[in-house]
């Protein structure tokens with residue numbers, strides 16, 4: 001029995017549904033409390049009835065889940081199972097982390113965005129007695145760390161405003177506490193390609209970081225964290241190393 005191609009209109013409708021699924025799931029990214037159908041419809045500029053039909057199908061498949069009794073939805077558990085079945089981005093970045101570790105002999109960390117925080121997913125510790133450490137699986141703020149700011153710079157200004165509040169917690173005298181000022185700072189990070197932390201999270205700790213995305217669009221950052229006394233005078237060297245690595249990382253990830 002021969003297989004006939006789908007009629008053109010039916011094929012186009014199928015592509016349109018996939019595009020709507022993508023729009024809805026991207027709108028829910030980082031929305032840990034979920035969104036209502038009305039909020040989703042406004043975000044993706046679709047009729048509420050259309051959003052309701054697509055959401056209902058995604059809930060049945062486990063790709064979305066109820067976030068509250070009043071109808072809010074969030075990304076579902078099936079996404080986690082699917083994500084776990086593929087190679088972690090941190091695995092692909094491991095050779096470049098090793099390269100930075102050998103070059104600078106300092107702690108190198110890989111982080112990802114998790115809700116309104118960053119989560120450390122891999123680390124290579126420095127051999128020095130005085131060193132910086134971030135426990136794997138631990139959470140850190142996004143707004144006052146080099147790896148966090150590198151990750152935020154991968155997002156649009158609208159996505160950043162959805163994740164972070166207008167006033168940001170002050171951890172040290174150097175912390176940027178205004179979302180508006182942070183957005184201006186992130187524009188510079190996007191232009192330069194490297195983010196820095198000058199004792200913004202902890203006094204005595206500085207860092208430099210670069211963020212990249214895999215072929216599915218998932219971002220991760222690589223950070224070199226250094227005690228301030230060993231960081232001073234090395235900022236330009238760190239920036240040059242990250243800029244030099246960017247092309248190699250993108251080529252390795254197939255995103256060049």
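The numbers here are math on the coordinates, done by the rules we state, and not lab data. Bear in mind the structure is a predicted one, so any value in this text is a computation, not a measurement. For neighbour counting, all protein chains shown are included, and Cβ atoms are generated from backbone atoms with ideal geometry for every residue, glycine included.
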- Query: How many nm separate the modelled label positions at residue 105 and residue 190, each set 7 Å beyond the Cα in the direction of the Cβ?
  - Reply: 3.9
- Note on the structure: If the chain between residue 183 and residue 232 were fully extended at 0.36 nm per residue, the gain over the current Cα-Cα distance would be 15.1 nm
- When the chain is treated as a GNM, springs tying every alpha-carbon pair under 10 Å, which of 177, 145, 50 comes out with the largest mean-square fluctuation? 50
- Task: Per DSSP H run of n ≥ 4, the term is -39500 (n - 2.57); total these for the chain, divide by its residue number, and report the mean residue ellipticity at 222 nm rounded to 500 deg cm²/dmol.
- Result: -14000 deg cm²/dmol
- Which whole-number percentage describes the relative contact order of the range 86-253, with Cα contacts under 8 Å and a sequence gap of 6 or more? 23
- Query: For the range 116-250, what are the per-bin percents of Cα-Cα distances with bins 10 Å wide, up to the bin holding the maximum?
  - Reply: 12, 45, 36, 7, 0
- Query: Per the Kirkwood treatment, what hydrodynamic radius in Å, one decimal, follows for the chain from the mean inverse distance over all distinct Cα pairs?
  - Reply: 20.0
- Expressed in angstrom and rounded, the centroid-to-centroid distance over alpha carbons for the range 224-244 and the range 141-164 is 21
- When the label point is put 7 Å from the Cα of residue 162 along its Cα-to-beta-carbon vector, which residues of the range 40-54 have a backbone N closer than 11 Å? 40-45
